[in-house]
Each structure stands twice: as C-alpha cells, then as structure tokens.
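Structure record follows, encoded as structure tokens.
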Amino acid sequence: MKKIAVVTSGGDAPGMNAAVRAVVRSALHEGIEVFGSVRGYNGLIHDELIPMTLRTVSDIIHRGGTVLYTARSPEFRTEEGMQKAVDTCRRHGIDGVIVIGGDGSFRGARDLTARGIPCIAIPGTIDNDIGCCDETIGYDTATNTVVEMVDRLRDTSQSHDRCSVVEVMGRHAGWLAMNAGIAVGATSILVPEVEYDFQRDVVERMKEIAKTGKQHFIIIVAEGVGHVDELAKKIEEATGVEARATVLGHVQRGGTPSARDRILASRMGHYAVHLLEEGKSERVVAIRNSVLCDYDITEALEMKKPFDMDAFRMAAEISI
Ligand code: F6P
C-alpha cells in the first residue's frame with residue numbers, strides 16, 4: 001500500500017472532517033501517500049485529486065461539513081463513470097480508497113472494489129441507519145442540534161400554551177426523531193418504522209395530558225412521516241390547542257461536531273487505514289458495544305437495523 005485516496009460522499013455529516021484527518025494522519029504515519037477526492041466520487045471520475053499533507057488537515061477536527069466537499073454522484077452509477085474513476089486511480093497509482101458516507105456511498109465502494117480498486121467504507125450519516133453499526137459519525141451531533149433547537153421552541157411554545165410540531169431529518173429512518181424526542185420529552189414521536197394512529201397516538205395523548213394541567217406540547221415527526229403543516233392544522237382542529245409547524249431542515253447537518261463524533265470519526269479513520277494496510281478490502285468499519293469491528297460491504301448493506309421499540313415505548317410512557 002503506497003498511495004490511497006479519501007472520499008466524502010452523500011449527505012455531509014458533522015465529524016466527516018475528523019475522519020478525513022484521521023485517515024490522512026494515520027496513512028502518513030505508515031508512510032502511505034494520500035489524495036483527497038473533491039466532491040465525492042466525482043473527484044475520482046474527473047481527476048480532481050488533492051495531495052493531502054499533515055497540514056492540509058490542520059484545524060479541521062472541529063469543523064462541520066467536509067473540507068473535501070461532497071456529492072451524490074449519478075455519473076458514478078453508470079458503467080462509464082465508474083470506469084473513469086478506475087482509470088484515475090490507475091493513473092495516480094492509487095492502491096486503495098477510503099469512503100466516508102452512508103449506504104449509497106457503500107454501494108459505490110463495493111462497485112469500485114469489484115473493478116479492482118480495494119475500498120473501505122466508514123459510516124458517516126446523521127440518520128444512524130447502518131445495520132451493522134451501533135452509531136454513525138454525525139448522529140450524536142445532529143441529535144444534540146435537534147435537542148437545542150427544540151428546547152428553544154419549547155420556550156415559546158410554553159409561553160403561548162401551544163403545540164409545536166417539529167419535523168426532523170430522516171427520510172427512511174426514525175433514530176434521530178426518536179432519540180431527540182426522548183431527550184426533549186416529546187408528547188408524541190412519529191417515525192417511519194412504526195405505524196401511528198392520529199387519534200390514539202396524538203389527540204388522545206394530548207387530551208389526557210391536558211387533564212393533568214399541562215398546556216403545551218411537542219410532537220416530533222421524522223421527515224419520512226412528514227406533512228407537519230397538515231398535522232399541525234389537524235391537531236388544532238381536534239384539540240383546540242393552537243399548533244405551529246417547524247421544519248428544522250439542513251441546520252441539523254451542520255455545526256461543530258460533538259466530542260463523541262470527533263472521537264468516533266478519529267477511531268474509525270485510523271482503523272480503516274489499518275484494514276487497507278492488512279490487505280483487506282470491501283469492508284465497512286463499524287462500532288458494536290463500543291468495540292470497532294468490520295463487515296463485508298454486501299453483508300452490511302443487507303443487515304437491517306431493528307428499530308428500538310423498547311426505547312420507543314418507554315418514551316411514550318414517561319413523556320406525559
Ligand atoms: O441521509 C442524510 C439526510 O440528511 C437525510 O436525513 C435526509 O432525508 C437527506 O439526507 C436530505 O438530503 P439532501 O441534502 O439531498 O436534501
């Protein structure tokens with residue numbers, strides 16, 4: 001292993017920079033040269049590679065986003081795009097690629113490995129929806145961001161005796177919604193993994209809670225459930241409590257990564273370099289019960305993450 005490339009791909013996640021830094025520094029420590037691919041896989045396709053040094057990754061551990069930029073690359077899904085990426089790697093003598101991103105990025109890494117370029121994937125997504133991994137880079141920061149934003153909403157909601165209906169990110173995954181919902185003591189949490197009944201899970205809960213004297217409410221809704229404007233209107237009609245909808249949107253993806261995400265990213269970046277050095281490829285770095293491990297990419301993509309129904313039920317029990 002003489003030269004490798006590092007790629008950040010898909011939706012950015014806080015902590016990606018810490019992972020890039022760890023990859024670069026660990027590789028240089030082992031005497032391996034590193035290139036950074038600009039804008040995800042597009043950098044490999046269009047030969048936009050930056051030589052990475054100890055100093056190109058200085059002062060980035062605390063920054064959100066990704067200094068390498070990122071993209072969802074439709075071109076990389078075509079045979080021609082993939083071949084261009086392989087050609088770029090060959091031209092530069094790149095012996096391995098480390099990709100930081102979500103499941104879409106993992107598929108790219110698997111396809112590139114199949115064409116002879118060994119790849120290792122690192123899970124970086126605020127959705128925490130990677131089956132083989134307890135926690136992904138960016139998830140902790142995003143949860144804290146949602147909690148901070150909802151705490152602010154609570155102040156105004158409480159002052160007006162209102163119901164705040166808050167949409168948080170997660171098109172297919174409700175982890176962020178559920179755990180932020182637990183942390184803010186949301187009255188109801190609606191996620192794509194669990195079917196809900198508007199009357200039973202929202203209206204009746206609010207009415208029961210109102211009987212005990214509480215007059216403001218927070219409903220957390222994952223993006224995959226959506227329709228928060230409509231939901232707020234329906235809540236107002238059904239309960240008589242004034243309701244406002246807020247979509248938190250992309251603020252959830254930005255900001256300074258938490259210490260937990262920086263540490264996770266540093267450990268995973270370092271581990272990924274050592275996997276490549278050991279001659280491994282087509283692996284996903286994961287963390288289970290606080291221990292780093294790795295899985296075959298295809299196996300990892302097929303693994304389902306069972307939704308934590310105990311935590312979900314617990315939230316409903318104590319958030320009253
Ligand atoms: O996968 C991360 C994520 O933030 C999802 O939670 C969200 O549905 C999606 O990306 C939004 O993507 P985009 O940045 O393309 O709007």
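Here the Gaussian network model covers the chain, with springs between Cα atoms less than 10 Å apart; of Met16, Met178, Met82, Met82 fluctuates the most.
Counting only residues at least eight positions apart within a chain, or on another chain, the lysines with an alpha carbon under 27 Å from that of Lys214 are Lys233, Lys234. The relative contact order of the chain, computed from alpha carbon pairs under 8 Å that lie at least 6 residues apart in sequence, is 23 percent. 3J(HN,Hα) along region 311-316, derived from phi through the Karplus expression 6.51 cos²θ - 1.76 cosθ + 1.60 where θ = phi - 60°, amounts to 5, 4, 5, 4, 4, 5 Hz, with x in place of Gly and Pro. Residues in region 283-288 carry Karplus couplings, in order, of 10, 10, 7, 9, 10, 9 Hz; the curve used is 6.51 cos²θ - 1.76 cosθ + 1.60 with θ = phi - 60°, and Gly or Pro positions show x.
Built from the Cα atoms of region 209-266, the convex hull projects on average onto 6.3 nm², one quarter of its surface area. Stretched out straight at 0.36 nm per residue, the stretch from Ser290 to His250 would grow longer than its current Cα-Cα span by 11.5 nm.
Would you mind classifying region 66-107 by shape? Square roots of the alpha carbon gyration tensor eigenvalues, ordered a ≥ b ≥ c; an a/c under 1.5 is rounded, otherwise it is prolate if a/b is larger than b/c and oblate if not. Because a/c hits 1.5 or more and a/b fails to exceed b/c, region 66-107 counts as oblate. When a/c reaches 1.5 or more, the comparison of a/b and b/c decides; with that in mind, is region 1-145 rounded, prolate or oblate per its Cα gyration tensor? It comes out oblate by the Cα gyration axes. Which of rounded, prolate, oblate describes region 142-225, given a ≥ b ≥ c as roots of the alpha-carbon gyration tensor eigenvalues and a/c under 1.5 marking rounded, otherwise prolate only if a/b is larger than b/c? Verdict is oblate for region 142-225. Magnitude of the charge dipole for the chain, about its Cα centre and with charges confined to Cβ atoms of Lys, Arg (+1) and Asp, Glu (-1), is about 700 debye.
Since every read-out is calculated from the coordinates, none of them should be taken as a lab result. All values reported here derive from a predicted model rather than from experimental measurement. So basically every Cβ, Gly included, is an ideal-geometry build from the backbone, and we count neighbours across all protein chains shown.
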